[in-house]
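Asker: Structure provided below as structure tokens; questions to follow.
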Amino acid sequence: MDVGIKAIGGYEEVGRNMTAIRIEDKIIIFDIGLYLDRVQVHEETRTEKMHSLDLIDIGAIPDDTVLNDMKGEIVGIVCSHGHLDHIGGLSKLAHRYEAPIVATPFTVKLIEKEIKSEEKFEVDNPVYTLETGRKYLLTPDIELEFVKAQHSIPDCAIPVLHTSEGSIMYTLDFKLDNNPVLGEKTDTDRLQEINQEENIIAAIMDSTRIKEEGRTPSESIAREMVWDTLHQANKEKGVFVTTFSSHVARIKSIVEAAKDMDRRPILIGRSMEKYVGTAEQMGIIDLPDNVGIFGTPRGREEILKKVNKNGKENYLIILTGHQGEPGSSLKRIADGTLPLEIDEGDQVIFSANVIPNPLTKANRYSLETKLEMQGARLFKDVHVSGHASRQDHYDILEMTEPEHVIPAHGGLDFASSYAELAENLGYTFGEDVHILRNGQELLLKS
Ligand SMILES: [Zn+2]
């Protein structure tokens with residue numbers, strides 16, 4: 001069997017993930033993501049009117065023109081989960097392919113929102129829902145299976161392609177979490193079963209946190225950290241928590257802590273409405289009755305005025321802005337452009353890491369300085385990651401024993417660190433562990 005693995009995006013950066021896998025003359029695309037930093041796009045920014053070629057030019061979406069020299073029929077666009085670095089480029093590129101988009105139910109809802117808000121292109125690819133644990137026949141010879149996975153957004157899958165000669169696994173993104181706050185743990189039993197039933201020809205691996213030693217702690221540890229920090233908060237002061245709006249499990253923990261603290265949780269920001277509102281509608285989380293979600297600028301103004309009037313000590317304010325993004329709610333409060341001020345002793349909890357690039361670091365520095373100048377107490381890194389660390393990868397490679405390993409989701413430094421780990425497990429660089437750059441293709445015969 002002839003297999004080609006084409007790196008399109010996400011092999012030189014953490015962002016704009018896109019990989020094409022050719023099995024004989026059939027091609028399956030995995031993810032079409034956005035590179036958030038390149039357009040200063042964060043959860044609140046808009047790219048709806050921009051043209052694909054302009055976005056490719058600035059490196060914001062994958063340069064899929066490299067697919068022109070891959071001969072075959074594209075039979076599916078498979079998305080592993082709903083983060084923008086995996087689905088954010090769909091509305092700009094999917095219409096170029098006559099193929100259905102396949103994703104889990106929550107991811108499908110987010111994809112539909114992306115497509116609906118697109119103003120430049122008509123994206124009319126059929127969108128199919130595939131639940132985790134289920135299979136879908138892409139062609140008579142290629143079956144797609146979604147294996148359950150934990151990450152930092154609900155309904156994440158590890159897509160596996162089954163063929164008569166073995167399978168191919170696309171593990172972007174995942175973590176091993178034995179005690180998740182929301183959903184079930186990554187189905188490592190199934191991955192081991194696949195390895196026993198049929199050999200795994202190749203695995204594309206999430207290298208984002210390969211340099212982190214040990215294991216990634218469970219989300220239940222983050223829940224403890226959040227509870228601990230919130231329960232020690234001064235009862236007479238304002239409490240603001242900022243986190244990833246797509247991190248529904250984290251928001252669940254924060255909202256439940258608010259209930260326990262007798263504060264009314266309010267969620268502020270367009271993206272909070274998009275992710276948390278959708279999760280609630282789909283029954284993924286149950287929010288207490290007194291939760292308010294304020295997605296529109298007007299809704300935000302009104303609730304903040306109300307908070308001002310009733311007293312901040314009665315509320316737990318959950319909002320966007322943990323990276324200091326311009327236009328985000330926390331940034332605007334710090335800038336004094338919203339009708340709620342920071343007072344001496346108010347507590348601001350960052351339930352997120354700082355994304356380590358110069359732009360974000362600068363934005364965060366500016367935000368933190370402004371908040372501190374106004375007397376806020378800052379609690380940083382009340383967070384655990386959604387990506388597997390080095391020892392988790394050791395385990396998953398041992399469990400699945402792929403014949404070929406291809407690190408993705410990061411630059412050369414991550415990929416080479418991954419290759420070293422694989423070498424410790426008996427792989428040989430260039431022979432069965434491969435580093436690809438965007439645009440390059442790996443050819444395998446089995
Ligand atoms: Zn992700």
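Asker: Could you list, bin by bin from short to long, the percent of Cα-Cα pairs of segment 325-388 in 5 Å steps?
Answerer: 4, 17, 25, 26, 17, 7, 3, 1, 0
Asker: Using a/c under 1.5 as the rounded threshold, could you call segment 70-229 rounded, prolate or oblate? The axes a ≥ b ≥ c are square roots of the C-alpha gyration tensor eigenvalues, and prolate needs a/b larger than b/c, oblate otherwise. Intermediate values should be presented prior to the final figure.
Answerer: Working: a/c = 2.08, a/b = 1.23, b/c = 1.69.
Oblate.
Asker: List the residues whose amide H sits under 5 Å from the amide H of ARG264, counting only those 5 or more places along or on another chain, with H placed 1.01 Å from N in the peptide plane.
Answerer: Sorted by chain and number, the residues that satisfy this are TYR315, LEU316.
Asker: For the chain, max minus min Cα coordinate along each principal axis, in Å, sorted largest first?
Answerer: Projected onto its principal axes, the Cα set of the chain covers 69, 44, 38 Å.
Asker: If you bin every alpha carbon distance in segment 146-279 into 10 Å steps from zero, what whole percent lands in each bin?
Answerer: Over segment 146-279, the share of Cα pairs per 10 Å bin runs 11, 33, 30, 17, 7, 2, 0 percent.
Asker: Also, I was wondering about something else. At q = 0.10 Å⁻¹, what log₁₀ I(q)/I(0) does segment 45-148 have when each alpha carbon counts as one equal point scatterer in the Debye sum?
Answerer: Debye output, listed in q order: -0.29.
Asker: With every protein chain left in place, what is the accessible area per residue of segment 219-379 in square angstrom, probe 1.4 Å?
Answerer: Working: 6870 Å² over 161 residues.
Here the per-residue accessible area is 43 Å².
Asker: Please quote Rg/Rh for segment 130-181 to two decimal places, taking the Kirkwood radius as Rh and restricting both calculations to Cα atoms.
Answerer: Details: Rg = 12.1 Å, Rh = 11.7 Å.
A ratio of 1.03.
Asker: Separate question: Just for the Cα atoms in segment 61-113, what are the lengths along the principal axes, largest first, rounded to whole Å?
Answerer: 33, 21, 16
Asker: Output wanted: per-residue J couplings in Hz (rounded whole) for segment 184-189, from phi through Karplus 6.51 cos²θ - 1.76 cosθ + 1.60, θ = phi - 60°, x for Gly and Pro.
Answerer: In residue order, the calculated couplings are 9, 6, 4, 7, 6, 4 Hz.
Asker: Tell me which residues come under 5 Å, amide H to amide H, from HIS404 once H is placed; ignore anything under 5 positions away on its chain.
Answerer: ALA202, ALA203
Asker: What do you get for Rg/Rh over segment 219-379 if you use C-alpha atoms and the Kirkwood form of Rh? Let's see the in-between values first.
Answerer: Numbers: Rg = 14.4 Å, Rh = 15.6 Å.
Rg/Rh: 0.93.
Asker: At a 1.4 Å probe radius, carbon and sulfur cover how many percent of the accessible area of segment 219-379?
Answerer: Using a 1.4 Å probe with all protein chains present, segment 219-379 comes out at 48 percent carbon and sulfur.
Asker: In whole Hz, what ³J(HN,Hα) sequence does segment 9-25 give by Karplus (6.51, -1.76, 1.60; θ = phi - 60°), x for Gly and Pro?
Answerer: Once θ is set to phi - 60°, the couplings for segment 9-25 become x, x, 9, 10, 7, 8, x, 5, 5, 6, 9, 10, 10, 9, 10, 6, 10 Hz.
Asker: Give the whole-number value, in cubic angstrom per residue, of the convex hull volume spanned by the C-alpha atoms of segment 285-401.
Answerer: On the way: hull volume 18.0 nm³, N = 117.
Roughly 154 Å³ of hull volume per residue.
Asker: Continuing with this model, one more query. When the helix-only estimate is applied to the chain (DSSP H runs of n ≥ 4, each -39,500 (n - 2.57), divided by the residue count), what is the mean residue ellipticity at 222 nm, nearest 500 deg cm²/dmol?
Answerer: Details: 13 runs with 128 residues, N = 446.
Rounded to the nearest 500, the figure is -8500 deg cm²/dmol.
Asker: For segment 272-329, divide the Cα radius of gyration by the Kirkwood radius and give the resulting Rg/Rh value with two decimals.
Answerer: Numbers: Rg = 12.6 Å, Rh = 12.8 Å.
Reported Rg/Rh, Kirkwood definition of Rh: 0.98.
Asker: Moving on. Mind listing the phi-derived Karplus ³J(HN,Hα) values for segment 297-306, rounded to whole Hz, using 6.51, -1.76 and 1.60 with θ = phi - 60°, and x for any glycine or proline?
Answerer: Going residue by residue, I get x, 5, x, 4, 4, 5, 5, 5, 5, 5 Hz, with x marking Gly and Pro.
Asker: Sticking with this one: Please give the helix 105-117 orientation as an angle from the longest Cα principal axis of the chain, in degrees from 0 to 90, rounded to the nearest 10.
Answerer: Roughly 80 degrees between the two axes.
The values are calculated or read from the model by the stated rules, or taken from the named source; none is laboratory data. From a predicted model like this one, the values you see are computed outputs, not experimental measurements. Only protein heavy atoms, including side chains, enter the accessible area calculation; ligands, DNA and RNA are left aside. Shrake-Rupley method; radii C 1.70, N 1.55, O 1.52, S 1.80 Å.
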